[in-house]
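Everything below concerns the one structure shown next.
The values are calculated or read from the model by the stated rules, or taken from the named source; none is laboratory data. Treat the numbers as computed from the prediction; the structure is a model and nothing was measured. Cβ placement follows ideal geometry from the backbone for every residue including glycine, while neighbour counts extend to all protein chains displayed.
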Amino acid sequence: MAKSGMLVIVEDDLDDQVFLSGIFKKIGVKNDIAWFDNTDDALNFLLTTTRPLFIIFSDINLPGKNGLEFKRAIDSTPKLRTRSIPFIFYSTAANQRDVNDAFTEMTVQGFFKKGMDTRETETIMKTIFDYWKLCKHPNSH
């Protein structure tokens, strides 16, 4: 379904990882996925991988540095900023202050509240993947 490139997902809840894996399979996402339960490991991966990356999904509330701090670290690292990897917050916590900070202080391409059930989550994820599959950006091939 999606363009080539790996998904990077920072999600510390194992139940959510399993749930999202099932959703991705159901909507036909065939991309490899790199799962991380903290932002330090995810940032180290981003700094060292040479693989093409399609989208980064990050929760907000994470152990250690939170998702907002993670995105700030990406934005302040020229090597990562020039890779122009679409970044999407996908979180249970979607308070207005975090949404405002994400869009006014960082370069994010989306902020979504986690779906309440399978159908809603499928709709959210299908919409995100359909959009990025068609969107032209520095990493589109």
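Quick rundown of the values:
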| quantity | calculated |
| --- | --- |
| Residue in region 50-67 that is farthest from Ile9 (Cα to Cα), counting only those that are in contact with a Phe, Trp or Tyr (Cβ under 7 Å, 6 or more places away or on another chain) and assigned to a loop (DSSP other than H, G, I, E, B) | Ile60 |
| Within region 3-22, tally of residues that are within 22 Å of Asp130 (Cβ to Cβ), within 14 Å of the chain's Cα centre (by Cα) and in a loop (DSSP other than H, G, I, E, B) | 2 |
| Residue count, region 30-39 (criterion: modelled with pLDDT under 95, farther than 17 Å from Arg83 by Cβ and either among the small types (Gly, Ala, Ser) or surrounded by 16 or more Cβ atoms within 10 Å (Cβ to Cβ) (or both)) | 0 |
| Residues located in region 50-86, provided they are closer than 24 Å to Val18 by Cα and among the polar types (S, T, N, Q) | Ser58, Asn61, Asn66 |
| Residues satisfying the stated conditions in region 68-124, i.e. loosely packed, with under 12 Cβ neighbours inside 10 Å, in a helix (DSSP H, G or I) and free of Cβ contacts under 8 Å to residues at least 12 places away in the same chain | Pro78, Gln96, Arg97, Asn100, Thr104, Arg119 |
| Number of the condition not met by Leu47 [criteria: (1) surrounded by fewer than 18 Cβ atoms within 10 Å (Cβ to Cβ); (2) within 13 Å of Val8 (Cα to Cα); (3) among the hydrophobic types (A, V, I, L, M, F, W, C); (4) under 13 Å from the mean Cα position of the chain (by Cα)] | (4) |
